[in-house]
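A quick write-up on the structure given underneath.
The values are calculated or read from the model by the stated rules, or taken from the named source; none is laboratory data. If you're wondering where the values come from, they're calculated on a predicted model, not measured in any experiment. All Cβ positions, even for glycine, are placed from backbone atoms using ideal geometry, and neighbour counts span all protein chains on display. Ligands, DNA and RNA are stripped out before the accessible areas are found, and what is left, the full protein with its side chains, is counted by its heavy atoms. Shrake-Rupley method; radii C 1.70, N 1.55, O 1.52, S 1.80 Å.
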Amino acid sequence: MGPRVQLPPEIQLAQRLAGNEQVTRDRAVRKLRKYIVARTQRAEGGFTHDELLKVWKGLFYCMWMQDKPLLQEELGRTISQLVHAFQTTEAQHLFVRTFWQTMNREWTGIDRLRLDKFYMLMRMVLHESWMALKTQGWEERQTEQLLELLTTEILHPDSQAPSGVRSHFIEIFLEELARAGAHELTAEQNLRLIDPFCRIAALTQDSLVLHNITRGIFETIVEQAPLAIEELMNELDAQEEEEGEEQDLPSRRPHKGSVCGTGPDPGAEQSDDDDEGNAGSVLQFDYEAVANRLFEMASHQDTPPPNRKRLYKVIRKLQGLAEGFFPEDDIPEKAYRCVRGGRRVKMKRRLSQLQSRTGRDAGEALCPDPSPRPARRRRQRSTGADPTVSQEQPGGRGGRGARKRGRRPLAGANAKVASYQEPKVKRKQTLEGKK
């Protein structure tokens, strides 16, 4: 029997990561982190593209085998934080690139019961990618490299990304970017970060991609405008408050801390967490600059007409925000989320348009004839009767009282026929008596 072939360390780790026992998988994840740190510390070390694809193959099935939501969340956080174990920016970007390539390759084989944990894994990896960029001070060159990587692997029409991966990436892009750098990023940097979406939205031939980008990026910016302005005003108020405290002027709010102002306020951390959860994670944008960039791309000659029409609607909203107008501020927020709510809003608009026209015409169009149905029938019968018959005495022989007595329901079919013939006989008798 020949000597046993020694497998490369990446394949050995991948086999242990995809093992059946959870203890074996957890131990393999810890060993993988140490192996990444040790290998990337050497100047001549580093991983190749194929080696990282093998590593991600094992990590993918490690997540596949994990059950229970809390353990899945913990494992997803551990896997996504492996990006910080790489010592160079190029190695980090290669690790992120091979992750998205693995998700594109394996996406069609994921069953519906496992979709949620891989959605969560994509969210966590994107968040840690932004955090790695944040630790480097949002350096411009590295930011462009990461954006080019994400555009090539996910957004570009020639990429192999399935619709589910692309749609989820567009949905979580602004959310995770805001969680990572809402307090550090400026409006100019945010415009640079969403620039790939402007180019893809103007040139794509896929209507689903256009809809997702418009709804998930640009309309989200419009909807978050009140929160962004509120956060900006809070920051200005905080700055004025600090300046007032430095000049020993009475502040509008009580000092943080104890009565003497030296101890920490026990409820300060909780209130800060609440503020970060509500209005702290909103990105600041220069709406006029975003509108100008979109107009530059939408007005290009190669832009398809449906894309141009859709983007021009967004541009008008952004221009209105730049001028201080909030579009559709009277429509509740639930109307944007619910299709039925949107239909109700449309119906209310149509009714208001009708009421704004001439009052009488609108009233007749909205309200039917208020007279009851039996009265209208009696008027029709009275107009269709013989004009020679006297209509003045309601209880007379030829009046309404006689017709009412003649139309009383009787038992049997023969009785019903007789009831219909009686008024004709009486009508003849009255005419002969008058002659």
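Ordered by 1.4 Å accessible area with all protein chains kept, Met124, Met233, Met103 run largest first as Met233, Met124, Met103. Past 30 Å, Cα to Cα: identify those pairs from Lys34/Lys68; Lys117/Lys309; Lys34/Lys117; Lys117/Lys313; Lys34/Lys57, in the order given. Going by Cα-Cα distance, Lys117/Lys309; Lys117/Lys313 fall outside the 30 Å limit.
With θ taken as phi - 60° and the Karplus curve 6.51 cos²θ - 1.76 cosθ + 1.60 applied, the whole-hertz 3J(HN,Hα) list for the range 284-297 is 8, 9, 8, 5, 5, 5, 5, 5, 5, 5, 5, 5, 4, 7 Hz, x standing for glycine and proline. Computed from phi, the 3J(HN,Hα) profile of the range 48-58 under the Karplus parametrisation 6.51, -1.76, 1.60 (θ = phi - 60°) reads 8, 5, 5, 5, 6, 5, 5, 4, 5, 4, x Hz, with x in place of Gly and Pro. Add +1 for every Lys or Arg and -1 for every Asp or Glu among the other residues with Cβ under 13 Å from the Cβ of Glu296, and state the total. In short, 0. Can you classify the range 1-147 as rounded, prolate or oblate using the Cα gyration tensor, where a ≥ b ≥ c are the square roots of its eigenvalues, rounded means a/c under 1.5, and otherwise it's prolate if a/b beats b/c and oblate if not? Note, shape of the range 1-147 comes out oblate. Listed values for the range 306-311 are Karplus-derived 3J(HN,Hα) couplings in whole Hz (6.51 cos²θ - 1.76 cosθ + 1.60, θ = phi - 60°), namely x, 5, 4, 5, 5, 5, and x replaces Gly and Pro. Its relative contact order, with pairs defined as Cα atoms under 8 Å and 6+ residues apart, puts the range 1-122 at 29 percent. Evaluated at q = 0.21, 0.27 Å⁻¹, a Debye calculation over the C-alpha positions of the range 19-64 (equal weights, vacuum) places log10 I(q)/I(0) at -0.76, -1.03. Determine, at each q value in 0.15, 0.19 (inverse angstroms), the log₁₀ of I(q)/I(0) that the Debye formula gives when each Cα of the range 57-131 is one equal point scatterer. The computed values of log10 I(q)/I(0) come out as -0.48, -0.76. Across all Cα atoms of the range 277-325, the radius of gyration (one decimal) and Dmax (whole number) stand at 13.0, 43 Å.
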